[in-house]
Amino acid sequence: MRRTSALLLLALASCTPGVESETALLQAGGAQPADGLWALVPKDCAAPTSASMTSWPECAMPVWLKGGMATAFVGSVPVHMTFVMATGDPRLIQLANPVGDSPPLTGAAPPKEAGAAPQGYLYWAFVPDGDEPYRKGRIWQIACPAQEIAGIAKKTDGKEGCVAGTAEAVRAASRLAPEENAQKSAVWIAPGD
C-alpha cells in the first residue's frame, strides 16, 4: 500500500533528518488552518478536487485536521497526533509522536500505555497562501541545519538527526531555505465532520 509510514503519509519528510525535541516547545497562536480534509501534494502532482479519495492521484496524501489533532493512516491504522501551529514567518507546526501501537514519527518508540504522554515532537514550516482560516500553502519538514544554530544539537545516540532545546532554535532552523523537493503544497479539500 502507498501509505507505508507516518512521514510518507504526511508527505512532509525531506531527504534530510528533521528537527526534533523531547518536550513540546510551541504553543498554538494566531491564525490557524481550516479544519477538515487536506491533501499534501509534491510539486508535479495535481491537487485533488473532491473528498472522494479513491479518485485522488497516487501522489496526493490525505491528512485530517480537527481541534488540534492531525490524523493520517499507516496502512489501515489511523495515526492521531497533536497538532500545534504557532505564529511567525514561516508559521511553525509541531506534531507529537503518537502513543500506543502507532508507528513512531521520531526515533523514540511510542509508549504502549493508553493516555501516556507523547515521547518526542517533530517540526515543520508552513507558508500560507490566502487569509485565515488557511486553506492553502506550502509546507516542509524543518531539516537539521548544516551550520551550527544555538539550541540545536546533533543526536548523541548514534542516529541521524538533531534535537532542539528551544522554540527560538526551531524558528532559526525554519528560516533556512528548504530543499526544493522537500516542499509540498497543502490544499484544503473539504470540511471535517
The one condition in (1) free of Cβ contacts under 8 Å to residues at least 24 places away in the same chain; (2) within 26 Å of Gly88 (Cβ to Cβ); (3) not in a strand (DSSP E or B) that Asp44 fails to fulfil: (2)
Restricting the first residue to the range 156-169 and requiring it to be loosely packed, with under 15 Cβ neighbours inside 10 Å, which pairs with a second residue that is modelled with pLDDT under 95 meet a Cβ separation below 6 Å and a spacing of at least six or different chains? Lys159/Gly107; Glu160/Pro17
Among the residues of the range 32-53, is any modelled with pLDDT of 95 or more, surrounded by fewer than 20 Cβ atoms within 10 Å (Cβ to Cβ) and within 27 Å of Glu168 (Cβ to Cβ)? yes
How many of the residues in the range 154-193 are farther than 20 Å from Pro57 by Cα, under 17 Å from the mean Cα position of the chain (by Cα) and of a type in the set (Val, Ile, Thr)? 2
Can you pull out the residues in the range 131-155 that are without any contact (Cβ under 8 Å) to a residue 24 or more places away in the chain, in contact with a strand residue (DSSP E or B) (Cβ under 8 Å, 6 or more places away or on another chain) and in a loop (DSSP other than H, G, I, E, B)? Gly151
For the range 82-130, name all the residues that are under 21 Å from Asp157 (Cβ atoms) and either outside any loop (DSSP other than H, G, I, E, B) or modelled with pLDDT of 95 or more (or both). Leu95, Ala96, Tyr121, Leu122, Tyr123
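Could you check how many residues of the range 167-193 are in contact with a strand residue (DSSP E or B) (Cβ under 9 Å, 6 or more places away or on another chain) and more than 27 Å from Gly36 (Cβ to Cβ)?
Taking the range 167-193 and keeping what is in contact with a strand residue (DSSP E or B) (Cβ under 9 Å, 6 or more places away or on another chain), we get 167, 169-176, 178-179, 182-193.
Remaining after also requiring more than 27 Å from Gly36 (Cβ to Cβ): 167, 169, 171-173, 175-176, 179.
Qualifying residue count for the region: 8.
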Assess whether Pro78 counts as being farther than 26 Å from Gly165 by Cα, modelled with pLDDT under 95, in a strand (DSSP E or B) and more than 15 Å from the chain's Cα centre (by Cα). yes
Some residue of the range 175-186 being closer than 30 Å to Gly67 by Cβ and among the hydrophobic types (A, V, I, L, M, F, W, C): yes
Subset tally (residues that are free of Cβ contacts under 8 Å to residues at least 40 places away in the same chain and either in a helix (DSSP H, G or I) or farther than 19 Å from Glu20 by Cβ (or both)) for the range 170-193: 3
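The values are calculated or read from the model by the stated rules, or taken from the named source; none is laboratory data. These numbers come from a predicted model, not from an experiment. Quick reminder, even Gly has a Cβ in these numbers, built from the backbone with ideal geometry, and neighbours come from all protein chains shown.
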